[in-house]
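First up is the structure itself, then whatever we jot down about it.
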Amino acid sequence: MTEAVVIDGKALALELRQGVGRAAAGLKADHGVIPGLAVVLVGEDEASRIYVRSKGKSAEEAGLRSFHHGLPEDTAEEDLLALVHDLNGAPDVNGILVQLPLPPGISPSAVIGAIDPAKDVDGFHVVNAGRLATGGPGALVPCTPQGCLMLLKHHLGTLSGLNALVIGRSNIVGKPLAALLLGEHCTVTVAHSRTRDLPAVSARADILVAATGRARMVKGDWIKPGATVIDVGINRVPDGDRTRLVGDVDFGSAVKVAGAITPVPGGVGPMTIACLLRNTLIAAARQHGLEDPEI
Ligand code: NAD
């Protein structure tokens, strides 16, 4: 039996980051604009610190400006809101990202709601979510679903008419991805923790995206032979006396059935950061009254 094509998210993300770099250089040369990304981290969560560092570094490598704002764990919500307000008004900041999760006591929806939608490069503000849901122009699209869509289109070309299953209904992955796939004319099913007989639902999917946070939940024998499988999950599991990252798909059994599959790590993760840089560039262009750059 032939094994699935392993979709190389790292390679595609590198191409995308290089495209952002070229477009950023053009924006600077033609209009004197250097896109700026402000990243706000509240507290000391280790995983969040790693993400934030890598976002800042990737932004600078692509020729963007990056501004880091580290706040203590006991920051009051009103102080964080005041910082967001300042960043909304800062002309050299085109994109604002507040790293989630936030410490208890700070409402994520209040903070996200305070970000100027034009600078909301995570795409979580209700204005951007609404634009995406209604298929209108001008949305800043959440980075992880955008990355999933790019991986799918890179591998499959047109998605029109395919049965797509998204497992997970979060506001940051499942719901926006379902909207994007509808926009590509897929027949979309969204499954979640109350879905009955998930293996039977999975068996009809030409495209299966797993975003549940449940390590190796999707088994090879659930998957329609030849389907394209996108694994969004990032789960740390014990491995001897160490730990390692695995996805929401049981890669070992799935690779024998799927037509193509993303690995963890090296699939969706790198695309998420590349899409964040792309959103920052798009946001900067729009704020200067320019067309969206082609990348
Ligand atoms: P979440 O916890 O907000 O949502 C999980 C969803 O999975 C829920 O809608 C829930 O109904 C569903 N679910 C849980 N158990 C299920 C089950 N047994 N059967 C069917 N559905 C089930 O999670 P999230 O923020 O959407 O993240 C999902 C996963 O994606 C996590 O592993 C997270 O670490 C990862 N993630 C990765 C990236 C990336 O860049 N690669 C970005 C964001 C999230």
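For region 177-191, the candidate set comprises residues that are out of contact with any Cys (no Cβ under 6 Å at 6 or more places or on another chain) and either aliphatic (A, V, I, L, M) or free of Cβ contacts under 8 Å to residues at least 12 places away in the same chain (or both); within that set, the residue that is nearest to the ligand (Cβ to nearest atom) is ALA191. Checking each residue in region 155-172 for being away from the ligand (no atom under 16 Å from the Cβ) and outside any loop (DSSP other than H, G, I, E, B) picks out HIS155, LEU156, ASN163.
Note on region 174-191: among residues that are part of a loop (DSSP other than H, G, I, E, B) and either open to solvent by 20 Å² or more (accessible area, probe 1.4 Å) or in the same structural domain as ASP122 (by TED's automatic domain parsing) (or both), the one that is nearest to VAL232 (Cα to Cα) is GLU184.
Taking each residue of region 158-176 that is under 15 Å from PHE124 (Cβ atoms) and looking for partners that are within 8 Å of the ligand (Cβ to nearest atom) and part of a helix (DSSP H, G or I) with beta-carbon atoms closer than 7 Å, six or more apart or interchain, yields ILE172/THR144; VAL173/THR144. Restricted to region 113-139, and to residues there that are in contact (Cβ under 8 Å) with a residue 60 or more places away in the chain and within 16 Å of the ligand (Cβ to nearest atom), the residue that is most open to solvent (accessible area, probe 1.4 Å) is ASP122. With the structure loaded, tell me whether ARG194 is over 17 Å from the mean Cα position of the chain (by Cα), assigned to a loop (DSSP other than H, G, I, E, B) and free of Cβ contacts under 8 Å to residues at least 40 places away in the same chain or whether it fails that test. Yes; evaluated as a whole, the condition is true for this residue. Considering only residues in region 212-247 that are touching a Lys or Arg at 6+ places or on another chain (Cβ under 9 Å) and among the hydrophobic types (A, V, I, L, M, F, W, C), the one that is farthest from the ligand (Cβ to nearest atom) turns out to be VAL237. Counting only residues that are more than 14 Å from the ligand (Cβ to nearest atom) and touching a residue at least 60 places away in the same chain (Cβ under 8 Å), region 248-277 holds 8 of them. Being under 24 Å from ALA47 (Cβ atoms), modelled with pLDDT of 95 or more and not in a loop (DSSP other than H, G, I, E, B) is a property that GLY113 lacks. Residue check: is ALA25 free of Cβ contacts under 8 Å to residues at least 60 places away in the same chain, over 27 Å from GLY105 (Cα atoms) and of a type outside the set (Asp, Glu)? Yes; evaluated as a whole, the condition is true for this residue.
The values are calculated or read from the model by the stated rules, or taken from the named source; none is laboratory data. Small disclaimer: the values here were computed from a predicted structure and weren't measured. With ideal geometry, Cβ positions are generated from the backbone for all residues, glycine too; neighbour counts draw on all protein chains shown. Only protein heavy atoms, including side chains, enter the accessible area calculation; ligands, DNA and RNA are left aside. Shrake-Rupley method; radii C 1.70, N 1.55, O 1.52, S 1.80 Å.
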